[in-house]
Amino acid sequence: EGFRMEPLDLTLPRDFLWGVATSAYQIEGAVSEDGRTASIWDTFCRVPGAVAGGETGDTACDHYHRMPQDVALIAGLGVDAYRFSLSWPRIQPGGKGPANPRGLAFYDRLVDELLAKGIRPWITLYHWDLPQELEDNGGWPARDTAERFADYAELCVRQLGDRVRWWTTLNEPWCSAVLGYELGIHAPGRNDRGDSLAAVHHLLLGHGLAAQRLRAAAGHPVQVGITLNTTHAIPADDRPASVAAAHHADGLGTRLYLDPLVHGRYPADVVDALHRENVHLPLHDGDLADIAQPLDFLGVNYYTSHVVGADGPVRRDLPRTAMDWEIHPEGLTDHLVRLGRDYPGLPLYVTENGAAFDEPAPSGGEVADPRRTAYLDAHLRAVAAAHAQGADVRGYFAWSLMDNFEWAEGYAKRFGLVHVDYPTQRRTLKQSARWYAATVARSRA
Ligand code: GBH
């Protein structure tokens, strides 16, 4: 009631790209329609105890059936771009063979709907929904999955490349590899460090092979990038052991991905540390050249930073989100500046940033979510500060357009600018959505 937070007035380039983001499994539902087969998340959701409340993406936001209304919502926010992912098992059931025309048709309609409203489609090929058949053949720890991913990328660009210029291969390969194959808290729920490191390598190889196929098959220039959840690790103090621990965390979370992608080599300190644990990269001749394809942009997903000391992670006395993640916007500034310094020449886009909070249900057509607005406000200031310090950051996507299936957390954690009442599928703009729209509008005034 009476909530006001002034739209932000930021010093950013006039062509700064404003967007909102989602992913296929988190919003689409319709998991058995029009020829779609199961992904590892459909399977994982059925493992007792894997997902809070035993929830699944079976219906999610029912976006598959409500796509035009959802695109109208996006248009109402006045953003430039919509970042969404394609469902591999919808487009290529089973993960190999020909495309499924009914699956592709959905994305055809989505792209056309976006373009008709002047919204740039920003496609992610893989946001964690591996076809189950490929997992049954070994999943990302198996080299063949990288080849299958490149084939899938080609099917997608052949169908949509005439209208879509911005292509992201993978979302957060760290999550796929570590949460999926080492910690077992994401699909497919495996627990093996060796498999996890093999998955890292094959995800990166898949990225590189797909990047080549996207460029070759599009028939005209496309912009190809990758989105990472790089780690911003801050040493707890200046003791050498703390500095070394933070450097190692940065190695596992940032350099293990960006060094091969940008420089064509894995970081020696990280590889040596893994060797000492008897964990090895399944590297073949030529792989690093395949991985180090030119990147047109780097997507950065930022939610929090991490303080690491000699004895491990340190909890700070900072406000937290409903995910229990520490709120530290300054980390975003420092992280973008650092990426710009260590990986120069790479345009940066914040492809996800946002927060879940416990908040009231809609009342009077509104949702009071002042903490989300404050979170976004602080992080957008942090982006502008990074830009002022020389980071080549060109855009920002709020996570997420609407409340959705938050992976192992199910539906209880809400990241949306738009509230979703799951029983009725009614969408209600939160105050943060109105604030974001006003901020986007102000930036163009
Ligand atoms: C993203 O993952 C996903 O791309 C998106 O699908 C998802 O909905 C969204 O974020 C929100 O979760 O060590 O406890 O301090 C983000 C995954 C979040 C993994 C931060 C590492 C570290 C938090 N990352 N997390 S903690």
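Just so it is clear, none of the values below were taken in a lab; they were calculated from the coordinates. Here the structure is a predicted model, which means the values were calculated and not measured. Cβ sites come from the backbone with ideal geometry, for glycine too, and all protein chains shown count toward neighbours.
Legend: P(r) of the chain from all alpha carbon pair distances, 10 Å bins from 0, whole percents, reading 4, 22, 34, 28, 11, 1, 0. Near the amide H of Gly354, within less than 5 Å, lie the amide hydrogens of Trp399, all on another chain or at least 5 residues away, with H placed in the peptide plane.
With all pairs of separate Cα atoms included, region 62-193 yields a Kirkwood hydrodynamic radius of 15.7 Å. Residues whose amide H lies under 5 Å from that of Asp62, counting only those 5 or more places away or on a different chain, are Gly29; hydrogens are built 1.01 Å from N in the peptide plane. Pairs of Cα atoms nearer than 8 Å and 6+ residues apart set the relative contact order; for the chain it is 18 percent. Sequence-ordered 3J(HN,Hα) estimates for region 422-427 from the Karplus curve with 6.51, -1.76 and 1.60 and θ = phi - 60° stand at 4, x, 9, 6, 6, 9 Hz, glycine and proline given as x. Principal axis extents of the C-alpha atoms in region 167-216 (largest first, rounded to whole Å): 37, 17, 13. Backbone phi angles across region 101-108, fed through the Karplus curve with coefficients 6.51, -1.76 and 1.60 (θ = phi - 60°), yield HN-Hα couplings of x, 5, x, 4, 4, 4, 6, 4 Hz in residue order; Gly and Pro are listed as x. Listed by chain and number, the aspartates and glutamates placed with their C-alpha closer than 20 angstrom to that of Lys96 are Glu33, Asp34, Asp42, Asp129, Glu133, Glu135, Asp136, Asp144, Glu147, Asp151, Glu154; residues fewer than eight positions away on the same chain are left out. Phi angles of region 143-148 translate, via the Karplus equation with coefficients 6.51, -1.76, 1.60 and θ = phi - 60°, into HN-Hα couplings of 4, 4, 4, 5, 5, 4 Hz per residue; Gly and Pro are given as x. Remark: C-alpha extents of region 100-152 on the principal axes read 42, 21, 16 Å, sorted largest to smallest. Across region 297-445, counting alpha-carbon atoms alone, Rg and Dmax equal 16.4, 51 Å.
Adding -39500 (n - 2.57) for every DSSP H run of four residues or longer, then dividing by how many residues the chain holds, sets the calculated 222 nm ellipticity at -11500 deg cm²/dmol.
Efficiency by 1/(1 + (r/R0)^6): what FRET value for Asp34 and Asp342, r their Cβ-Cβ distance, R0 = 41 Å, to the nearest 0.05? Don't jump to the answer; show the numbers that get you there.
Values: r = 44 Å, r/R0 = 1.08.
Using R0 = 41 Å, I get an efficiency of 0.40.
Between the exposed loop cleavage positions of the chain, defined as trypsin sites (Lys or Arg not before Pro) in a non-H, G, I, E, B DSSP state with at most 10 neighbouring beta-carbon atoms within 10 angstrom, the longest gap is 15-314. Annotation: lysines with alpha-carbon distance below 26 angstrom to Lys413 (same-chain offsets under eight excluded): Lys430.
Counting alpha carbon pairs within less than 8 Å and at least 6 residues apart, what relative contact order, in whole percent, applies to region 22-73? 48 percent. Computed log10 I(q)/I(0) for region 29-126 at 0.15 Å⁻¹: -0.67, from the Debye equation with unit scatterers placed on every C-alpha and solvent omitted.
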